[in-house]
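Trainee: The structure under discussion is supplied below as structure tokens; questions concerning it will follow.
The values are calculated or read from the model by the stated rules, or taken from the named source; none is laboratory data. Since this is a predicted model, take the numbers as computed values, not measurements. Neighbour counts run over all protein chains shown; Cβ positions are idealised from the backbone, glycine included. Ligands, DNA and RNA are stripped out before the accessible areas are found, and what is left, the full protein with its side chains, is counted by its heavy atoms. Shrake-Rupley method; radii C 1.70, N 1.55, O 1.52, S 1.80 Å.
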Amino acid sequence: MKANVITAHGPAATVFALCEMPEPIATADDLVIKVLTTSVNPLDCRIRNKASVPRNFPLILGFDVCGLVVGMGSNVKGFRIGDRVIGSPTPFRNGANAEYAAVDYRSCALAGNLPDEIAAAIPLVGITAFEALLDRLHIRSGDLVVIHAGAGGVGHLAVQLAKYVGCKVVTTASRKESMEYCSTTLGADYVINYRQDDVKAAIMDLTNGEGAALILDTVGGSTFSQCIDYAAYNGHICSILPVSIDAQEGYRLLLKNITLSYQFMGGPLQNPSQNRQHIILKRLVEMVENGTLQPNVSKVYPLEDLAKAHEEMETGHTIGKIIIRASNLNAGK
């Protein structure tokens, strides 16, 4: 099959190559999917630049997929050949930047009547946002929750989910377009310009000096460290990134009795009894179909232009998701 692979770690302009790769073979729990659309996530860029675990090259990235089921393993339940599905390939195997991808059926769901581009915008960021807010932070109606980078892939769905639950949402952005999108389209209650405003001062003011009890960190680095400054006593910070905590930051967390949790959607699939992500995806598809949730697709690239899509992602100016269409590769098959 044709695939757009990376041949090494490095800049997008130099490491991508269109080449022939073996078609994936289904394990007992896999769907083999003919790829229609996939997407670019920050995770793709992090792995391309420098993987946290050793990788074998050539490597196929792409951790969202919308496509047609063409094969399945012996343990698969609830799917049939020909179904149009969405799913999130595990980052520990080859992904969906190819004609075909193998995906554990427990991280897939039927795509319903969603357009291919919208469907591929949901899995990784949707599951991440849902699990972070509902399974980690346990948000409830009336809660105030801080969600960083509200215009980003995870952020723009997280803001909508939190508003759906009935929370007051504080989010951050910097560009005029992003701030308007967060307030007008997403309905965030407060949008803080993190480049111009004192984020800590703004959040302390909004919370009458108590700090934020619930914080979703989608940025990491210094943003996470700053979260500790304006987290409430007995607060809870959930990060979707492997933040580094030194002794001083650990002491600050301790003194404020702050709970720190991580959200990594690739984790549950290492437990074969889990079916949670299938249930979440099914619910997310229903929410998009009825208009409760609106994924934003900022741009669609053909798979041949994957390097350009990565470069755009790394500008940090994307609102929502960048989608990759693979249909040109498998036209007529």
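Trainee: For 222, 178, 74, 183, give me the order by solvent-accessible area with a 1.4 Å probe, most accessible first, ignoring ligands, DNA and RNA.
Mentor: 74, 222, 183, 178
Trainee: Once you sort the root eigenvalues of the Cα gyration tensor of the stretch 106-162 as a ≥ b ≥ c, which label holds: rounded (a/c under 1.5), prolate (a/b larger than b/c) or oblate (the other case)?
Mentor: Numbers: a/c = 2.38, a/b = 1.72, b/c = 1.38.
Prolate is the answer for the stretch 106-162, as a/c is 1.5 or above and a/b outweighs b/c.
Trainee: Sticking with this one: Ignoring ligands and nucleic acids, what accessible area does residue 25 show with a 1.4 Å probe (Å², nearest 10)?
Mentor: 140 Å²
Trainee: Also, quick follow-up: Could you compute how fast the stretch 53-112 diffuses translationally, taking Rh as the Kirkwood radius over C-alpha pairs and applying Stokes-Einstein at 25 °C with viscosity 0.890 mPa s? Give it in µm² per second.
Mentor: 203 µm²/s
Trainee: Under the Kirkwood approximation applied to all pairs of distinct alpha-carbon atoms, what is the hydrodynamic radius of the chain in Å?
Mentor: 20.2 Å
Trainee: Still on this model: Given a 1.4 Å probe and heavy atoms of the protein chains only, how would you sort 118, 6, largest accessible area at the top?
Mentor: The most accessible residue leads, giving 118, 6.
Trainee: Working from Cα positions, state the angle (0 to 90°, nearest 10) between the long axis of helix 276-289 and the longest principal axis of the chain.
Mentor: 90 degrees
Trainee: In addition: For residue 50, list the lysines whose Cα falls under 23 Å from its own Cα; do not include residues on the same chain fewer than 8 positions away.
Mentor: Output for residue 50: 308, 321.
Trainee: Quick one: which of 228-234, 61-67, 38-44, 210-216 comes out on top by average Cβ neighbours within 10 Å, and what's the full order, highest first?
Mentor: 61-67, 38-44, 210-216, 228-234
Trainee: If you average the C-alpha positions of the stretch 114-134 and of the stretch 200-266 separately, how far apart do those two centres end up, in angstrom?
Mentor: 24 Å
Trainee: Leaving ligands and nucleic acids out of the surface, order 292, 223 by accessible area at 1.4 Å, largest first.
Mentor: 292, 223
Trainee: How are the alpha carbon pair distances in the stretch 170-258 distributed across 10 Å bins from zero to the largest one, expressed in percent?
Mentor: Pairs per bin, as whole percents: 17, 47, 30, 6, 0.
Trainee: Write down, largest first, the equivalent ellipsoid semi-axes of the stretch 183-333 in whole Å, where each equals the square root of 5 times an eigenvalue of the alpha-carbon gyration tensor.
Mentor: Those come to 34, 21, 18 Å.
Trainee: For the stretch 206-263, what are the per-bin percents of Cα-Cα distances with bins 5 Å wide, up to the bin holding the maximum?
Mentor: 5, 21, 34, 27, 11, 3, 0
Trainee: Follow-up question, since we're still on this one. What's the ranking of 306-313, 199-206 by average number of surrounding C-beta atoms within 10 Å, highest first?
Mentor: Going by the mean number of other Cβ atoms within 10 Å, highest first, we get 306-313, 199-206.
Trainee: Still on this structure, please answer the following. Taking every DSSP beta bridge that has both residues in the chain, what percent is antiparallel when rounded to the nearest 5?
Mentor: Bridges in the chain that DSSP calls antiparallel: roughly 55 percent.
Trainee: In addition: Cα-based Rg of the stretch 14-166 per 2.2 N^0.38 Å, rounded to two decimals? If you can, show how the numbers build up before the last one.
Mentor: Details: Rg = 16.5 Å, N = 153, 2.2 N^0.38 = 14.9 Å.
It is 1.11.
Trainee: Another question, then. For the chain, what does the helix formula give at 222 nm: sum of -39500 (n - 2.57) over DSSP H segments with n ≥ 4, over the residue count, nearest 500 deg cm²/dmol?
Mentor: Taken over the chain, the calculation gives -7500 deg cm²/dmol.
Trainee: Would you mind working out the accessible area per residue for the chain, using a 1.4 Å probe, and quoting it in Å²?
Mentor: Value returned for the chain: 43 Å² of accessible area per residue.
Trainee: If you don't mind, another one. So between residue 314 and residue 196, what do we pick up on full extension, going 0.36 nm a residue minus the alpha carbon distance?
Mentor: Full extension from residue 314 to residue 196 adds 40.3 nm.
Trainee: Summarise the accessible area of the stretch 155-278 (1.4 Å probe, protein heavy atoms) by the percent that is carbon and sulfur. Mind showing how you got there, number by number?
Mentor: Numbers: 2960 of 6120 Å².
Of all accessible area on the stretch 155-278, carbon and sulfur atoms account for 48 percent.
Trainee: At 0.36 nm per residue, and after removing the present C-alpha to C-alpha distance, how many nm does the segment from residue 247 to residue 50 gain when stretched out fully?
Mentor: In short, 68.3 nm is gained.
Trainee: Another question, then. List, in order, the whole-Hz ³J(HN,Hα) value for each residue of the stretch 42-53 obtained from phi through the Karplus relation with A = 6.51, B = -1.76, C = 1.60 and θ = phi - 60°; use x for Gly and Pro.
Mentor: Going residue by residue, I get x, 4, 4, 5, 5, 5, 4, 6, 6, 6, 7, 10 Hz, with x marking Gly and Pro.
Trainee: Right, next: Tell me, in nm to one decimal, what length is gained between residue 140 and residue 25 on full extension, where the rule is 0.36 nm per residue of separation less the Cα-Cα distance?
Mentor: 37.2 nm
Trainee: State, to one decimal in nm², a quarter of the convex hull surface area for the C-alpha atoms of the stretch 103-258, i.e. the direction-averaged projected area.
Mentor: Answer in nm², one decimal: 10.3.
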